[in-house]
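See structure below.
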Amino acid sequence: MSRPSGGLGEKRVKLNGGDPGGHHCEPVNTHSAAAAAAAAAGPEHGPDSKLLSALKRDSQARRVDLTGREYYSEEGKTFQLRLVGKIKQQLSADPTLCPEYPPSLGLTEFTRRANEAILGKSSRAIMESRVLGVQTPGFTAAVRLGAELLRHCFGAAWCGPVYLSSPCDDSLAGIFQAAGIQDIRQYYYWDDKLRCICLEKLLQDLEGAPEQSVVVLSASAHYPTGADLSQDQWTVITQLIMRRRLFPFLLLPAQGLCYGDFKRDAWPVQLCASQGMELLCAQSFSHCFGLYGEAVGHLLCVLKQSSLLLSLQSQAVKLVRSLWARPSVGGADVVTTVLSNPAHLAEWQGEVKRMVERSKLIRDILREKLRLLGTPGCWDHLTQQGGLYCCTGLNAGGISDKEETCEPPSQWLSECERNQRQ
């Protein structure tokens, strides 16, 4: 990773004025004034807490909470893949497995398989030894470690800017700020009125980003909209990133659960790597393996030169020892077992594909239900989105009090918590 040549210390300016979607490309200190006020007032006064309180007070038997982040079964329970349960039993009964601490950077075989899952076994970057993989205790930890490594590679005086999509996961800004990166800005992504990605404004915002800015992009299953960039759009964006000398930080929070295809979900990462770009990619195996309580994450680092690998690896070890010392091995053993066995891999891919098909069916049912109710507007965007989440396009007045549904006021919801009967 090369150090910045300058321009990062320039005065912060608003990069985009008002727009139909209500998003602005400007520095943000946390998330929003409303969020800051809610945080200052205490956790019990935040919008999510109020929503949960309303849910607890609701006596309706058919009430539904759509604010969670797990994949639920038709019975309303956290979904567990059959293969994963079977492998856990086999591992627990294996007498050759002895409890011991893993290396600071995680299980070697796990990181190797995870790297291949993102880049492909024939990746040029892997064959040229320009790739570092680090096992992390979950997706958030992968993002945090990536942020810390950016500070190391760009120099201690570097503090941004980092560009996040608008909207994005509320926790992202705080993660980068915890790593000492205070200049957090936004780029236009989702248009509320048109209910789609606005590529033109996205490119306009990134065009105005200073050189060596870090751009955080969702490779697939964008949270919270569920709307992903097409391959043609990715091609245009990567060309801009290379021309403007920006640094891509990619997110893969639920690989496989967008298209039902592990390779297709990772295609944007492979595209960037094939262009010879340096990049970071934070990945989670919690959703696609149903390992919610075991926090299995991974950080991929792709370098331009293999000579930089040992230095980056040494710095990563120092950072990990100060953050969490060592990752846990239980969930990582399960993932490694599946990815390294062709028969297990085929069975797991079949289960993941069925999970995706069910999510698509629920989207179809929701769209049809809105049509039958005579809800004004076009709802085709619901079936064009993918992953575990979606933007409904419904405002606060779009949900009747008679409907036992607790939906966040921001119109983003977890589609995988609905079932075909709701």
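Kindly indicate whether any position in segment 272-282 is open to solvent by less than 40 Å² (accessible area, probe 1.4 Å) and within 12 Å of the chain's Cα centre (by Cα). Yes.
Among residues of segment 132-152 that are without any contact (Cβ under 8 Å) to a residue 60 or more places away in the chain, those with a Cβ under 7 angstrom from a residue that is open to solvent by less than 10 Å² (accessible area, probe 1.4 Å) and part of a helix (DSSP H, G or I), sequence gap 6+ or separate chain, pair up as 147/176.
Collect the residues in segment 121-141 that are touching a helix residue (DSSP H, G or I) at 6+ places or on another chain (Cβ under 9 Å), in a helix (DSSP H, G or I), open to solvent by 20 Å² or more (accessible area, probe 1.4 Å) and not β-branched (Val, Ile, Thr), keeping them in residue-number order. Listed by number, the residues that qualify are 124, 139.
Can you work out which of the residues in segment 82-114 that are among the small types (Gly, Ala, Ser) and free of Cβ contacts under 8 Å to residues at least 40 places away in the same chain is least open to solvent (accessible area, probe 1.4 Å)?
85
The set of residues in segment 221-268 being within 19 Å of residue 302 (Cα to Cα) and among the acidic types (Asp, Glu) consists of 265 alone. With a requirement of 2 or more residues that are in contact (Cβ under 8 Å) with a residue 60 or more places away in the chain and hydrophobic (A, V, I, L, M, F, W, C), the strands (runs of 3 or more DSSP E) lying completely within segment 198-294 that satisfy it span 247-252, 279-284.
Considering only residues that are open to solvent by less than 50 Å² (accessible area, probe 1.4 Å) and farther than 14 Å from residue 107 by Cα, which ones fall in segment 325-344? If the condition is that a residue be open to solvent by less than 50 Å² (accessible area, probe 1.4 Å) and farther than 14 Å from residue 107 by Cα, then 338, 344 are the ones that fit.
Residues in segment 159-196 that are in a loop (DSSP other than H, G, I, E, B), at pLDDT below 90, under 29 Å from residue 377 (Cα atoms) and not charged (D, E, K, R): 194 only.
Right, residue 144: open to solvent by 10 Å² or more (accessible area, probe 1.4 Å), within 20 Å of residue 251 (Cα to Cα) and either out of contact with any Asp or Glu (no Cβ under 8 Å at 6 or more places or on another chain) or small (Gly, Ala, Ser) (or both) or not?
It is true that residue 144 is open to solvent by 10 Å² or more (accessible area, probe 1.4 Å), within 20 Å of residue 251 (Cα to Cα) and either out of contact with any Asp or Glu (no Cβ under 8 Å at 6 or more places or on another chain) or small (Gly, Ala, Ser) (or both).
Taking segment 345-375 as the region of interest, how many residues are under 21 Å from residue 88 (Cβ atoms), of a type outside the set (Lys, Arg) and open to solvent by 40 Å² or more (accessible area, probe 1.4 Å)?
If we filter segment 345-375 for residues that are under 21 Å from residue 88 (Cβ atoms), which is where we start, we get 345-352, 354-355.
Then drop every residue that is not of a type outside the set (Lys, Arg), which leaves 345-352, 355.
With the extra rule that they be open to solvent by 40 Å² or more (accessible area, probe 1.4 Å), the set shrinks to 345-347, 349.
Counting residues in segment 345-375 that are under 21 Å from residue 88 (Cβ atoms), of a type outside the set (Lys, Arg) and open to solvent by 40 Å² or more (accessible area, probe 1.4 Å) gives 4.
Of the residues examined, residue 217 is not one that is among the aliphatic types (A, V, I, L, M) and surrounded by fewer than 22 Cβ atoms within 10 Å (Cβ to Cβ).
Of the helices (runs of 4 or more DSSP H) that lie entirely inside segment 308-394, those containing 1 or more residues that are at pLDDT below 95 and farther than 21 Å from residue 287 by Cα span 309-323, 342-372, 381-384.
Yes or no: residue 253 open to solvent by 10 Å² or more (accessible area, probe 1.4 Å), within 27 Å of residue 363 (Cα to Cα) and in contact with a helix residue (DSSP H, G or I) (Cβ under 6 Å, 6 or more places away or on another chain)? First the steps, then the outcome.
Values: open to solvent by 10 Å² or more (accessible area, probe 1.4 Å): yes; within 27 Å of residue 363 (Cα to Cα): yes; in contact with a helix residue (DSSP H, G or I) (Cβ under 6 Å, 6 or more places away or on another chain): yes.
Spelling it out, residue 253 is indeed open to solvent by 10 Å² or more (accessible area, probe 1.4 Å), within 27 Å of residue 363 (Cα to Cα) and in contact with a helix residue (DSSP H, G or I) (Cβ under 6 Å, 6 or more places away or on another chain).
The values are calculated or read from the model by the stated rules, or taken from the named source; none is laboratory data. Fair warning: this is a prediction, and the values are worked out from it, not measured in the lab. Don't worry about glycine lacking a Cβ; one is built from the backbone with ideal geometry, like all the others, and counts go over all protein chains shown. Keep in mind that these areas ignore ligands, DNA and RNA; they rest on the heavy atoms of the full protein, side chains included. Shrake-Rupley method; radii C 1.70, N 1.55, O 1.52, S 1.80 Å.
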